[in-house]
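See below for the structure under consideration.
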Amino acid sequence: MMAMEAEAAPVRAALGLVGGGDLLHPAFPARIWTGSNVSLAVNGRDPRFAVDSIASQPAVTTTLHAIERTSPSIVISAGTAGGFASRGGAIATVYLADRCVYHDRRVDLATFDRYGDGDYPVARLGDVAERLGLPTGTVSTGNALDAPAVDRAKMDASAAVAKDMEAAAVAWVCERLNVPFTALKAITDLVDTVHPTRDQFMANLGAATAALARTIPELIAALEHRPGR
Ligand code: ADE
């Protein structure tokens, strides 16, 4: 599952997925490409705003339609993310999720706070991460590119290593449909530095996406050849 075309194009090339893909649903711009052992779904361009359909809403519909179409053995939310220098983050580091939460669904009402946080099931892939040399940690999702103090505090509390805009939405659908889920996130910007996120994102998108495109085929091969699978 990917949100931005600039992230997806190098990954498609690395996976040998060619052509224009198939529309997943007539009412949504998401498309899917299918190869011998992997499908890649991209949310597509919003027809009204003419930008990539990022954030949680399209992540939900695309994930639902892609799972219905392909019955996958695992779903991977792949893309770029903000990282944290204070937790060892660096540009183009690629993280594999071991936890997936929201940081901006603040609902201070009885157990709605826990509903807001989500904390969705994440496939236990520590062995795979070790084999590929991938660091693991919490992927934290919200619907904003910026990180106000209230969100930062939440991400510090979960020791987030990657701040994205889709993973928890994908994970929620996977939980409902009982499909194993993980997230693979490449760092474009460091949230806890003084440099504007937008400038870092634009400067580092190429390097982070290249790292993602190198890692995804390795992850898929490692999942396929996992002992006991
Ligand atoms: N994707 C890349 N950088 C991000 C950030 N800082 N926040 C959310 N999503 C991102």
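Nothing in this text is a laboratory measurement; each read-out follows from the coordinates by a stated rule. Because the structure is a prediction, the values reported are computed rather than measured. Every residue, glycine among them, receives a Cβ derived from its backbone with ideal geometry; neighbour counts consider all protein chains shown.
Taking amide H positions as modeled 1.01 Å from N, with prolines and chain starts lacking one, the residues under 5 Å from F181 and 5 or more places away or on another chain are V75, A123. DSSP assigns beta bridges within segment 5-224; of those with both partners inside it, close to 40 percent run antiparallel. Residues whose amide H falls under 5 Å from that of Y102, counting only those 5 or more places apart or on a different chain, are G118, D119, T141, with hydrogens built in the peptide plane.
In a fully extended conformation the segment linking V150 and R124 would gain 6.4 nm over its present Cα-Cα distance, using 0.36 nm per residue. The helix-based estimate of mean residue ellipticity at 222 nm for the chain, built from -39,500 (n - 2.57) per DSSP H run of four or more residues and divided by its residue count, is -12000 deg cm²/dmol to the nearest 500. Spin-label model, F201 to A9: label points 7 Å out along the Cα-to-beta-carbon direction sit 1.8 nm apart. With a cut-off of 13 Å between beta carbons, the residues surrounding A147 carry a summed charge of -3, where Lys and Arg count +1 and Asp and Glu -1. Backbone amide hydrogens, once placed in the peptide plane, bring V191 within less than 5 Å of G83, F84, A85, excluding anything fewer than 5 places away on its chain. Entry note, segment 107-229: relative contact order of 26 percent, from Cα contacts under 8 Å with a spacing of 6+ residues. The label-point distance for N37 and E68, in a model that sets each label 7 Å from Cα toward Cβ, rounds to 2.9 nm.
Comparing L212, L17, L177 in a Gaussian network model of the chain where C-alpha atoms under 10 Å apart are linked, the largest mean-square fluctuation is found at L177. Compared with the alpha-carbon gap, the fully stretched path from R106 to V60 is longer by 14.6 nm at 0.36 nm per residue. Evaluating 6.51 cos²θ - 1.76 cosθ + 1.60 at θ = phi - 60° for every residue in segment 83-94, the Karplus couplings come out as x, 9, 4, 5, 10, x, x, 8, 4, 6, 5, 10 Hz, glycine and proline recorded as x. With contacts taken as Cα pairs under 8 Å and at least 6 residues apart, segment 5-224 reaches a relative contact order of 28 percent.
Spatial offset of segment 93-119 relative to segment 1-64 amounts to 25 Å, using the alpha carbon center of each.
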